[in-house]
1. Once you sort the root eigenvalues of the Cα gyration tensor of segment 24-102 as a ≥ b ≥ c, which label holds: rounded (a/c under 1.5), prolate (a/b larger than b/c) or oblate (the other case)?
2. Quickly estimate the mean residue ellipticity at 222 nm for the chain, helices only: each DSSP H run with n ≥ 4 gives -39500 (n - 2.57), and the total goes over all residues, rounded to 500.
3. Taking only complete DSSP H runs, can you tell me which helices of the chain stretch 15 Å or more along their own long axis by Cα positions and average at least 1.6 on the Kyte-Doolittle scale?
4. Fewest to most neighbouring Cβ within 10 Å: what's the order for Phe87, Phe201?
5. Answer with a single label: of (1) 1.26; (2) 1.00; (3) 1.20, which was calculated as Cα Rg over 2.2 N^0.38 Å from the structure in view?
6. Take the alpha-carbon centre of segment 253-309, take the same for segment 132-167, and report the distance between them in whole Å.
7. Among 286-299, 172-185, how do they line up by average Cβ neighbours within 10 Å per residue, starting with the highest?
8. Work out, step by step, the length gained on full extension between Ser251 and Ala31: first 0.36 nm times the residue separation, then minus their alpha carbon distance; give nm to one decimal.
Amino acid sequence: MIDDVRADAREMLLGGDASDGSVLAVGASLATLVAAILTFLFRPVIAVPVLGAFVIVTAVGLVTYQAEVARLLTLVATVLTVLTVTFITIFLFASALPAFLEHGLGLLLIPVQEGQVRWFFWLDAVLPAGETYWNPSGGAYSLVPAIWATVMVTLISAAIAGPLGLFGALFIAEVASDGMREIIKPGVEVLAGIPSIVYGFIGFQVLNSFVQRSFLDDGASFLIAGIVVGVMALPTVVSVGEDALSSVPDSMGDGSVAMGATKWQTMKSISIPAAFSGISAGVILGLGRAIGETMAVAAIMAAGVGLADPLYDFFDASATLTSLIAVNYGSASASTIDVLFVAGVMLFVIVAGMSVVSQYIERRMQEKLKGQA
C-alpha cells in the first residue's frame, strides 16, 4: 500500500516518465518552497532570501525541465488556494463562535415598537424581542435590521441588474453587428473596473439629490443604494450572459429560423433556454456582488442601524451587513468585533448557498438539454 501511495505521488508530481534530473529539479524547487513557508511562519526576517532562492531554483527548473516543474507549480497553486480558503473559513467561524455562545438568539432579536412586537414574517413567536436592538455599550447586538437592509438592497439591485443584464446580453450576442459588438463588449467590461466608492459617491451626489427633489425624501435610502449596486452588478450579468449566449451552437438558431421562427422567437425559445445555466450564473454572480458590496453602500447610507417602518419602505435607510462591518470595525470593542464576525459568517453562508444553487441550476439545465429526466 505504501508503494502504491508513493507511485501515485510520483505520478502526480512528475508524470509517467520522469528522469533523474527532473526528480532533482522538482525536489529542489519543492524543498525551497517548504523552506520559504516555514521561514515566513517562524523566522520572517530571512523569508525574503529563502523565497528568492525558490524563485531562482524554479526558474532554472523551468528552463531545463519545463513540463515537470510546471506540473509542480500548478499543484502548489491548487493546494495553496484550497488551504487559503480553508484557513479563512476556519478563522471566520472560530472568531464568530464567542458571539454565538454569548448572545445566541439575541443576535436575531426583533425590535419592539410602542410596547408591541413588530410583526416580522411570523418569527416573533420563536425569536426574542426587545426595545434596544443595537447598543454595543448596553450589550444589545441584534443583526436583524442589517439583515433586512441587505435583503432590501439586494432585491432592488436584482430588479435592475437581472432584466437589464439579460436584455443587454441578448443585444450583444444576438442583435448587434460584429463592429458594434467589438465596441460595446469592452465598454461594458470597463464599467466593472470602476471602483465601488466612485459609484457610491456618484449615487449619493446625483441620485440622492434627484430623489429629494422628485419624491420629497429627506436623504439616502435603500432605493438609491439598490440602484447603484444594481448598476454595478450589470457588467457581470451582461458579460457572463453574453458569453453563455455566444456559446450556443449556431445550428440551433439556424434550424429555428429555417422552420419559420422569427428572430425574437428564436432568442426566446432557443437561445435563452440553451444558455440558461450561464445566464443564471451571471445573475447569481451579480447578486453576490450586490450582497457583498461595501463601499458604495457605506458611502450612501452608512449611518444608523434601524428597521424600516413599514418593512417594505424602500425610502428608509439602514446599514447593511457589509456596511455595518465597514463602519464599526475600526472603533469596535472586542465583543462587538465578535458580533461583526457573525455578520461575516452570515454573508459567507449566503454567498456559498448562492453558489450551490447556481451549480444545481446548471446541472439541471444540462440534464434537460441532454433529454434526461
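Every number here is computed from the coordinates shown, using simple stated rules; none is lab data. Bear in mind that the values here come from a model prediction, so they are computed numbers and not experimental data. Virtual Cβ from ideal backbone geometry, glycine too; neighbours counted across all protein chains shown.
1. oblate
2. Numbers: 15 runs with 254 residues, N = 373.
After summing the helix terms and dividing by residue count, I get -23000 deg cm²/dmol.
3. Details: long enough: 2-14 (18 Å, -0.09); 20-42 (32 Å, 1.89); 47-64 (26 Å, 2.32); 66-103 (55 Å, 1.52); 144-170 (38 Å, 1.83); 178-191 (20 Å, 0.13); 222-246 (35 Å, 1.74); 276-292 (24 Å, 1.39); 334-369 (53 Å, 0.98).
Length and hydropathy pass: 20-42, 47-64, 144-170, 222-246.
4. By the 10 Å Cβ count, ascending, the order reads Phe87, Phe201.
5. Checking each listed value against the structure points to (1).
6. Result: 19 Å between the Cα centres.
7. The densest-packed peptide leads the list: 286-299, 172-185.
8. 73.9 nm
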